[in-house]
Amino acid sequence: MKSFKSHHYPDSRQKFLIIQENAIYYYGFFMIIVMLGLVLRMFSGESILLFGVVGVFLSMGLGNIAAVVKLKKTYAEIFFVGEHFSIISIYDILFAKEKQAFPLRYASPNRNGDEIHFTFNDQIIVFKKEDWEKFDEIWAAFFELPETSATV
């Protein structure tokens, strides 16, 4: 079994903190929209209290949802076991999701400069060299034949 970790691999398994770290940018984006709405409501002479409170809660909720989606799409680890491989996202690590193996023969890896494109479970996945310390070893692992034990 070979395992390679990306630079995005979480140092801890504190779900709340990791989600908040990833959600902070989305909070800012949604809060800017709420602030613009508040300014428009102020200039039109309407009440801003209810709009502001609801807007803050909506921006927090949408920010958390966007962060979870980002964590599902950010890959932290890849395993090669025999004739199969599996990629694990940060979300899978934090929430201890079951790992899915996929046959290497269906991966169809292609290398384009500093990127590896391959198929995993009907998705096209892209690994960038800047995210993976052992990028060249990952590329080589796609083409290595699995070790077979000789039976006598």
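Taken together, the values in this text are just the output of simple stated rules run on the coordinates, not laboratory data. In this text, all values refer to a predicted model and were calculated from it rather than measured experimentally. Backbone-built Cβ (ideal geometry, glycine too); neighbour counts: all protein chains shown.
Counting helices only, and only those DSSP H runs with n ≥ 4, report the 222 nm mean residue ellipticity of the chain as the sum of -39,500 (n - 2.57) divided by its residues, in deg cm²/dmol to the nearest 500. Could the numbers behind the result be given before it?
On the way: 4 runs with 66 residues, N = 152.
Taken over the chain, the calculation gives -14500 deg cm²/dmol.
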Given springs between every Cα pair under 10 Å in a Gaussian network model of the chain, which of LEU58, LEU50, LEU94 has the largest fluctuation?
LEU50
Rounded FRET efficiency, nearest 0.05, which uses the C-beta distance separating ASN64 from ILE124 and R0 of 35 Å
0.80
In whole Å, how far is the Cα centre of segment 1-49 from that of segment 117-134?
26
Scan the chain and hand back the longest stretch that contains none of the GluC sites (Glu not before Pro) lying in DSSP loops with at most 15 other Cβ atoms within 10 Å.
1-45
Mind scanning LYS97/LYS128; LYS5/LYS72; LYS97/LYS129; LYS73/LYS134; LYS15/LYS128 and naming the pairs with a C-alpha gap bigger than 22 Å?
LYS97/LYS128; LYS97/LYS129; LYS15/LYS128
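Taking the Cα centre of segment 1-112 as origin, work out the dipole magnitude from +1 charges on Lys and Arg Cβ and -1 charges on Asp and Glu Cβ, in debye rounded to 20. Each step should come with its number before you reach the end.
Numbers: 12 positive and 7 negative charges, 68 e Å.
Its charge dipole is roughly 320 debye.
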Could you give the length gained on full extension between VAL39 and SER108, defined as 0.36 nm per residue of separation minus the Cα-Cα distance, in nm?
19.6 nm
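Could you work out the longest stretch of the chain that avoids the trypsin sites (Lys or Arg not before Pro) located in DSSP loops with at most 15 other Cβ atoms within 10 Å?
The longest uninterrupted stretch comes out as 14-96.
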Taking the chain as a Gaussian network, Cα atoms linked when under 10 Å apart, which of GLY55, GLY28, GLY113 shows the biggest mean-square fluctuation?
GLY113
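Kindly state, to the nearest 0.05, the FRET efficiency for ASP136 paired with ALA101, given R0 = 30 Å and r defined as their beta-carbon distance. Don't skip to the answer; put the middle values down first.
Numbers: r = 23 Å, r/R0 = 0.77.
Once the sixth-power term is evaluated, E becomes 0.85.
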I'd like the chymotrypsin sites (Phe, Trp or Tyr not before Pro) in segment 36-111 restricted to DSSP loop residues with at most 14 other Cβ atoms within 10 Å, sorted by number.
PHE95
